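Single-structure report; data block below.
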Number of protein chains: 2
Amino acid sequence: MSSPARAVATLYRRFQTAANDAYARRGWKDATLSHVQFLTEMDEEGTRLSDLASALGTTKQYAGKLAKDLESKGFITLTGDPTDRRAILAKPTARGRAFYEDACDVRTELESDFLSRLSPSRVTTFVALLDDLVGPQRQ
Amino acid sequence: MSSPARAVATLYRRFQTAANDAYARRGWKDATLSHVQFLTEMDEEGTRLSDLASALGTTKQYAGKLAKDLESKGFITLTGDPTDRRAILAKPTARGRAFYEDACDVRTELESDFLSRLSPSRVTTFVALLDDLVGPQRQ
DNA sequence: AGCTTCTAGTAAGCCAGGTTGACCAAAAGG
DNA sequence: CCTTTTGGTCAACCTGGCTTACTAGAAGCT
């Protein structure tokens with residue numbers, strides 16, 4: 001496993017499945033990590049789908065798909081923006097907020113689980129490295 | 001982007017698309033990173049599909065699918081194992097080896113590209129961290 | 001006012017990279 | 001022999017996206 005690329009891929013997939021499993025075990029059936037990331041970017045007053053899309057670095061189409069999915073699961077409501085009749089505001093429901101809090105717990109748990117092989121200082125190093133690698137979009 | 005999980009996911013996806021694009025640019029149309037990982041585990045004398053599956057940590061089904069795909073693209077040949085009539089040996093063709101060499105170049109290029117934001121010593125640290133995180137399968 | 005351009009979102013379909021479950025045939029072990 | 005294990009297949013499904021083509025409404029310019 002000397003290829004960094006492969007290591008990153010493996011790490012990613014393990015975390016993803018572990019997270020989705022953990023949500024299911026806590027009773028959030030069919031909730032996934034990408035739902036959580038979507039919720040993360042949403043604020044209480046409601047956020048436009050296209051703002052969510054650009055915050056997540058994805059397409060409007062995918063944002064719309066996720067939004068419908070989250071709405072059908074009762075995690076968010078979708079309402080028209082009164083100030084712009086094209087726009088749609090996504091706002092978390094009580095259930096959505098409850099799920100989000102649980103998801104944060106799961107994240108903390110999993111991250112500490114995953115990172116428990118490293119000493120605290122190496123965790124810091126690792127996170128800093130990742131931020132540097134991913135942070136400022138190149139080009 | 002303070003979540004390590006999300007950073008890892010982003011990093012992974014960026015590398016994957018960059019790799020697949022690079023293969024296409026070099027004329028290897030429809031070749032992907034997962035094909036390369038498959039080739040990586042194959043030796044010249046031929047390797048059983050199930051050995052490949054376990055080496056890659058995936059299922060026999062997926063290994064079979066990848067194998068057919070690689071065969072149809074002319075990267076490998078599939079022949080029955082003379083010593084076990086159930087088994088199938090995957091062996092790289094000349095074209096497969098040529099692609100693999102190109103893919104190694106791509107990998108080197110991309111990795112140095114991705115890691116160029118870090119100083120050499122930090123690269124070493126990063127790779128070591130990944131190995132520790134992913135290496136010995138937990139549980 | 002009118003025209004153009006930009007922006008918010010939708011529809012439909014494709015792709016990569018997998019997984020699960022049910023099955024079959026050959027091999028290995030008693 | 002008979003049972004269990006192993007190597008592989010088929011078919012269906014899932015997650016997490018992307019592309020292309022489109023419409024409705026907003027904004028800016030003249």
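The values are calculated or read from the model by the stated rules, or taken from the named source; none is laboratory data. Because the structure is a prediction, the values reported are computed rather than measured. As a convention, Cβ positions derive from the backbone with ideal geometry for all residues, glycine included, and neighbour counts pool all protein chains shown.
Summary of values
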read-out	value
The one condition in (1) crowded, with 20+ Cβ neighbours inside 10 Å; (2) among the β-branched types (Val, Ile, Thr); (3) away from DNA strand D (no atom under 13 Å from the Cβ) that B:VAL8 fails to fulfil	(3)
Top-ranked residue of region A:41-80 - restricted to ones that are surrounded by 14 or more Cβ atoms within 10 Å (Cβ to Cβ) and acidic (Asp, Glu), ranked as nearest to B:ALA9 (Cα to Cα)	A:GLU41
Yes/no for B:THR124 being over 21 Å from A:ALA5 (Cα atoms) and surrounded by fewer than 19 Cβ atoms within 10 Å (Cβ to Cβ)	no
Evaluation of A:LEU56 against (1) at pLDDT below 90; (2) aliphatic (A, V, I, L, M); (3) away from DNA strand C (no atom under 15 Å from the Cβ) (one fails), failing number	(3)
In region B:22-53, the residues that are of a type outside the set (Gly, Ala, Ser) and within 11 Å of DNA strand C (Cβ to nearest atom)	B:TYR23, B:LYS29, B:ASP30, B:THR32, B:LEU33, B:HIS35, B:VAL36, B:GLN37, B:PHE38
Tally of residues being among the β-branched types (Val, Ile, Thr) and either under 30 Å from B:LEU11 (Cα atoms) or buried (at least 16 other Cβ atoms within 10 Å of the Cβ) (or both) across region A:81-98	1
Set A:PHE75, A:PHE114: member being among the aromatic types (Phe, Trp, Tyr) and more than 14 Å from every other protein chain (Cβ to nearest Cβ)	A:PHE75
Any chance A:GLU101 is without any contact (Cβ under 8 Å) to a residue 24 or more places away in the chain and under 30 Å from A:GLU71 (Cα atoms)	yes
